[in-house]
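Notes for the one structure printed next.
The values are calculated or read from the model by the stated rules, or taken from the named source; none is laboratory data. All values derive from a computational prediction rather than experimental measurement. Because the Cβ atoms are built from the backbone with ideal geometry, glycine has one as well, and the counts that use them run over all protein chains shown.
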Amino acid sequence: MGAFFRVRRDGRGVTVGMQGMNTIIEKAIQTPYGLSHEELVALLALDETDELFQAAYQLKCRTIGKTVSLRGLVELGNQCAKNCYYCGIRRGNANVRRYRLEEDDVVRMARWCFDARYGSVVLQAGEIESEAHTAYIERILRRIRAFGGDAFGITLSLGEQTEEVYRRWREAGAHRYLLRIECSVPALYAKLHPADHSHARRVECIRTLKRLGYQTGSGVMSGLPGQTLDDLASDIEFYHAMDLDMIGMGPYLPHQETPLGRDIALTPEYAAAQLKIGLKMIAVTRLYLHDVNIAATTALQALDDRGREMGLLAGANVMMPNVTDVQYRKNYQLYENKPCLEEHSGQCRNCLNARVLSIGETINWGLRGDSKHYREQGNG
Ligand code: SAH
Ligand code: SF4
């Protein structure tokens, strides 16, 4: 193990010794939000990560326990009005076969999660703002709520909407909402999106969701072209500033049919680097925020068959297995190399259980798995 770590911020070089690194980790464990920006950067810059991951994992065991919560992911449609430069189902990609699941099918998939004792479901799709779409989601929520009751968690991940739409969906039974900020630094956000995509509106949406009483989640992609460790440290500070309950982050993965990904080859070296920064973001976020839910996302598994287990061992506590019927999955490729394209939900359940047990953790079967951060603020 190297004794020194070189950290560069704004072109300045800082060298932190091994001893210093242990002190920073110790301070993070003692005090939530206790690290300075430079200290966050120093942790993100670590090359030798064993101690960082172990510390984050120990902290997760202490604050949350040796358990993993599940959310079944239903990819209910790939129509999208947006054109994010990194995403495979962006409006401008003409090679995607567009679909939207029938209401009955979404309810059936959610029912499958309920019967499989997953404890909660996530409904995710491209971004559509229309009355027809709002009412479709509303009807689905009411029907899931009718069999699941309050004990079954329902999360939405349907992009930016008006306050009125968020309110209607909350009243129809949604508990949680995931809206990634993608990158918290406006200048980088502007490089990754067309000019009419607004960082400010996204932040405002997150505020609205919180005000409406949703358990609110956000997150970023790590390893984006042009992104610095400084940016990533700012992302973690953003999570705190927004007082988020849940974090869903993943490494950026190139898609050949997008402006951002068309020239990036997913070489073994690139994959290893993306996996590493993805895992470091989980660990440093856990060390900084302590009590939030953090997902070990599928993007990690796209880079390594054991990527999600690695995420859990770096401090994550949530997994989101795909429960969408297999025939639709190939049309919902945000990035290439998406795993489990052919594996049906039943196989997935067994595989997941074995994976979680293999690292000495157990699944919170049948529990909603609310964020401890949300509960401790007198909610839920
Ligand atoms: N349309 C909704 C939800 C679906 S997209 C929304 O954007 O909020 C869900 C997430 O997929 C996005 O938030 C983004 O972070 C992630 N994503 C999209 N393209 C990606 C890529 N190429 N690599 C990794 N993650 C990607
Ligand atoms: Fe649409 Fe979401 Fe993809 Fe952006 S990231 S293009 S909003 S599905």
- Message: So in region 159-186, with the set limited to residues that are away from ligand 2 (no atom under 15 Å from the Cβ) and either of a type in the set (S, T, N, Q) or not in a helix (DSSP H, G or I) (or both), which one is farthest from T134 (Cα to Cα)?
- Response: V185
- Task: For E257, work out the one condition from (1) touching a Leu at 6+ places or on another chain (Cβ under 9 Å); (2) in a loop (DSSP other than H, G, I, E, B) it doesn't fulfil.
- Result: (1)
- Do we find that D263 is among the charged types (D, E, K, R) and within 20 Å of the chain's Cα centre (by Cα) in this structure? no
- Message: Give me the residue from region 189-236 that is away from ligand 2 (no atom under 15 Å from the Cβ) and of a type in the set (D, E, K, R) and, out of that set, nearest to the chain's Cα centre (by Cα).
- Response: D235
- Task: For residues that are of a type in the set (G, A, S) and within 16 Å of ligand 2 (Cβ to nearest atom), scanning just region 74-132, find the one that is surrounded by the fewest Cβ atoms within 10 Å (Cβ to Cβ).
- Result: A94
- Query: Within the set of pairs 6+ apart or on separate chains, which have a first residue in region 334-355 that is under 19 Å from I264 (Cβ atoms), a second that is among the charged types (D, E, K, R) and assigned to a helix (DSSP H, G or I), and C-beta atoms under 9 Å apart?
  - Reply: K338/R329
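Hey, can you tell me all the residues within region 189-202 that are within 14 Å of ligand 1 (Cβ to nearest atom) and either touching a residue at least 24 places away in the same chain (Cβ under 8 Å) or over 30 Å from G261 (Cα atoms) (or both)?
Scanning region 189-202 gives L192, H193, P194, H197, R201, R202.
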- Query: Any residue in region 37-49 that is of a type in the set (G, A, S), at pLDDT 95 or above and touching a strand residue (DSSP E or B) at 6+ places or on another chain (Cβ under 9 Å)?
  - Reply: yes
- Item | Close pairs (9 angstrom Cβ cut-off, 6 or more residues apart or separate chains): in contact (Cβ under 8 Å) with a residue 40 or more places away in the chain in region 120-138, among the basic types (K, R) and more than 15 Å from ligand 2 (Cβ to nearest atom) anywhere | S120/R71; S120/R176; S120/R368; V121/R71; V122/R71; V122/R176
- Message: List the helices (runs of 4 or more DSSP H) inside region 263-380, counting only whole elements, that have at least 1 residues being among the charged types (D, E, K, R).
- Response: 268-289, 307-313, 326-329, 345-358, 372-375
